[in-house]
Amino acid sequence: MSQSQIAILGLIVSFVGGGTVSAIINWIRSSIAETKERSTKYIEQQLEKLYGPLYYLTLQSSKLFEIEKKLGDAYKVEYIDQKYSDDPVTRQRLREETDSVIELKNQYIEQVVKNNKKIIELLDNNFALIDADDVEIFINEFYEHFIRYQTEEIGKTPYMVYEHLGAISFLRPRFINRIKEKFDSKKSQFEGIAKKC
């Protein structure tokens, strides 16, 4: 503080009285503490009710995609890249095996679809907790694909029309990455505020 500021503060204290200045300072401190507490509670709610559960579900789905990809890679190595006899018995056995692997891959994707239903419920039920800069990303990178999948039920839209609309993604990487970034950011914010308290 400069000498002039100290002089002005001394003049105000002498004019208004020490008790009034003390009350004003206490009110300012209280107001700052309340604002900090509200901010901390809001971030905590965001973590508990939205960004934490979203992060958990997207981690699950990422793991499901990894398993499904491993199955696809194994399918390619074992069935696509190999030459087999044209014998009808061999062909029948191969068809049964490949159908089984494809069905298994589809079961993992069905789990992702179930997670997507949980994600849409979280977003709908906790809309007030979504950061403003996430709304557009959530709509474009998740909701659009979720609703298209629910409405078009992949494969029922004629191919030529589907090509105009673009491919449907079960869970876009940009959405997954955004959830991880926000979860990490919110967690750091919360931990930073908690350390100061």
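The values are calculated or read from the model by the stated rules, or taken from the named source; none is laboratory data. If you're wondering where the values come from, they're calculated on a predicted model, not measured in any experiment. When we count neighbours, we look across all protein chains shown, and the Cβ atoms used for this are built from the backbone with ideal geometry, even at glycine. Each accessible area value is taken on the protein alone, full model and side chains, heavy atoms only, with ligands, DNA and RNA left out. Shrake-Rupley method; radii C 1.70, N 1.55, O 1.52, S 1.80 Å.
List pairs: first in the range 134-163 and within 13 Å of Ile119 (Cβ to Cβ), second β-branched (Val, Ile, Thr), Cβ under 6 Å, 6+ apart or cross-chain?
His145/Ile168; Phe146/Ile120; Tyr149/Ile168
Which count do you get for residues in the range 145-171 that are out of contact with any helix residue (DSSP H, G or I) (no Cβ under 8 Å at 6 or more places or on another chain) and surrounded by 16 or more Cβ atoms within 10 Å (Cβ to Cβ)?
Counting residues in the range 145-171 that are out of contact with any helix residue (DSSP H, G or I) (no Cβ under 8 Å at 6 or more places or on another chain) and surrounded by 16 or more Cβ atoms within 10 Å (Cβ to Cβ) gives 1.
Glu141 versus (1) within 30 Å of Ala74 (Cβ to Cβ); (2) at pLDDT 95 or above: which is the lone unmet condition?
(2)
Is the range 174-197 home to any residue that is part of a loop (DSSP other than H, G, I, E, B), more than 25 Å from Glu37 (Cα to Cα), open to solvent by less than 80 Å² (accessible area, probe 1.4 Å) and touching a Phe, Trp or Tyr at 6+ places or on another chain (Cβ under 6 Å)?
no
Filtering the range 80-105 down to residues that are surrounded by 11 or more Cβ atoms within 10 Å (Cβ to Cβ) and not basic (Lys, Arg), which residue is farthest from Lys69 (Cα to Cα)?
By that ranking, first place goes to Thr90.
Take the residues in the range 18-51 that are at pLDDT 90 or above and surrounded by fewer than 17 Cβ atoms within 10 Å (Cβ to Cβ), then tell me which one is farthest from the chain's Cα centre (by Cα). So that I can check it myself, show each step before the final result.
At the first step, the residues of the range 18-51 found to be at pLDDT 90 or above are 41-51.
Still in the list and also surrounded by fewer than 17 Cβ atoms within 10 Å (Cβ to Cβ): 41-42, 44-45, 48-49.
On the way: Lys41: 20, Tyr42: 17, Glu44: 16, Gln45: 15, Glu48: 13, Lys49: 12 Å.
Taking the candidates together, the pick is Lys41.
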